[in-house]
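FYI, it's all coordinate maths here, none of it is from the lab. The structure displayed is predicted, hence computed values, not measured ones. Backbone-built Cβ (ideal geometry, glycine too); neighbour counts: all protein chains shown.
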Amino acid sequence: MKHEEAGSQQPMAIRFEDVVSGQFDAEDAQVSVPLKRVLAPQPESPKLHKVLAQAGMGSRLEMEQLIMEGRITVNNEPAHIGQRVQFGDHVKVNGKPIRFRIEPPPARVIAYHKPAGEVVSNDDPQNRPTVFRKLPKLFQGKWQAVGRLDLNTEGLLLFTSSGELANNLMHPRFGLEREYAVRVLGALNQEEKHRLLDGVKLDDGVANFGSIEEGGGEGANCWYRVTISEGRNREVRRMFEAVGHAVSRLIRIRYGAMVLPRGLKRGAWMELDAGDINSLTQKARNSAYVAAGDAPTVLDDGGVTRERLPRPPLRGRRPTGRNQTGSNNKPNTNANANVANNSQPDPLKTNFGYIGADSYSRQRQEQGSKRGAGSGSSGARRVGRSR
């Protein structure tokens, strides 16, 4: 009986009809836990006297004595006892720069469900609401947006504290795939679909979709699922306008391996845990290898292939292993079988191989279990919502 109850609490697979109907970010009634608006804590930075001692400047007591005598500065300011130093700080002893090694902090990544009406800018001349006003405070470094969404576009927006990761996720040569739900006025005919797939000429060059799939609709409004491997300004909107269709609504539902987490309400953010960040980084690295021609067609860890393969109509729960290469979990005996089993799954029909499909529900369940245990802990601090 307990086993059946546990199974019934597994998160549902993401469905495209939920995205277009507005039920995608409906409140999860299973777990009712107040959400925190702070990031998960990170290990403290090392103390100055310990770092200098490890750099061979003397004992810790001797370094503390130099600090009290005012002979040590950090970033051209006098140091104090107990001061901690971070990656990038400049330390001088008796006016002489000291070389020391501190590992940079691990990358932090948050997924934000951007609503329409917000701009992706730190400083807007028109004083419109910006997405950065809703983000949690980052005590070291700053948030960098992974790509942009225009004022009227909603959906998944990633932020990271790592400039290297942001570059790997954004740079056109890596060809990381973005997926959108698009509502347009009037249905596309076959000729228009072929033009969008083959390439339409825009002011800044030719652009094309990797795939176009019909997503239903009512009346003259038609929904489509499209994928694209670059992020030019208003590119999706301009492509549809080039074939005579106006876009009335645009939602980004996937960026690379990251899917918009089901249940993450508009205006809310969720911090990715270490496992999800590692998966996201690996996917970006694999894409970089493919772009450079240094990797075989099929990548490790369920990576995306260079040429787009048909998506199998999978549906169901997440398999037990993260590194599975096929839906039947059988070993592959030849290269052809390996390619077939590594085809991209549909992230809106199954969460196999993608990040975010069940992250929000999992974190809320963990949060609820910690509070229910009565341990006095404040619970998981990875999910937040702006006021």
In angstroms, what radius of gyration and Dmax does segment 48-98 have, counting Cα atoms only? 9.4, 24
Can you work out the Karplus-derived ³J(HN,Hα) for every residue in segment 191-202? Use 6.51 cos²θ - 1.76 cosθ + 1.60 with θ = phi - 60°, whole Hz, and x for glycine or proline. 5, 5, 4, 4, 5, 5, 7, 7, x, 10, 7, 10
Give the peptides 229-238, 169-178 in descending order of average Cβ contacts within 10 Å, highest first. 169-178, 229-238
Provide the gained length on full extension for the span residue 76 to residue 265, in nm with one decimal, where the gain is 0.36 nm per separating residue minus the Cα-Cα distance. 63.6 nm
Pairs 137/265; 96/137; 134/265; 114/142: which exceed 23 Å Cα-Cα? 96/137
Tell me which residues come under 5 Å, amide H to amide H, from residue 130 once H is placed; ignore anything under 5 positions away on its chain. 119
Interchain or long-range residues, amide H under 5 Å from residue 259's placed H: 355, 356, 357
Spelling it out for residue 211: with amide H atoms placed in the peptide plane at 1.01 Å from N, the residues 5 or more places away or on another chain with amide H under 5 Å from its amide H are 227
Only residues of segment 188-230 count here: report those whose backbone N is under 20 Å from the spot 7 Å along Cα→Cβ of residue 246, or say none. 188-189, 217-224
Just need the Rg to Rh number for segment 71-165, please, alpha carbons only, Kirkwood Rh. 1.15
Sequence order, segment 252-262: Karplus ³J(HN,Hα) from phi using 6.51 cos²θ - 1.76 cosθ + 1.60, θ = phi - 60°, Hz rounded, Gly and Pro as x, gives 8, 10, 7, 10, x, 8, 9, 9, 4, x, 5
Can you pull the one-decimal nm distance between simple spin-label points at residue 59 and residue 148, each 7 Å off the Cα toward Cβ? 5.8 nm
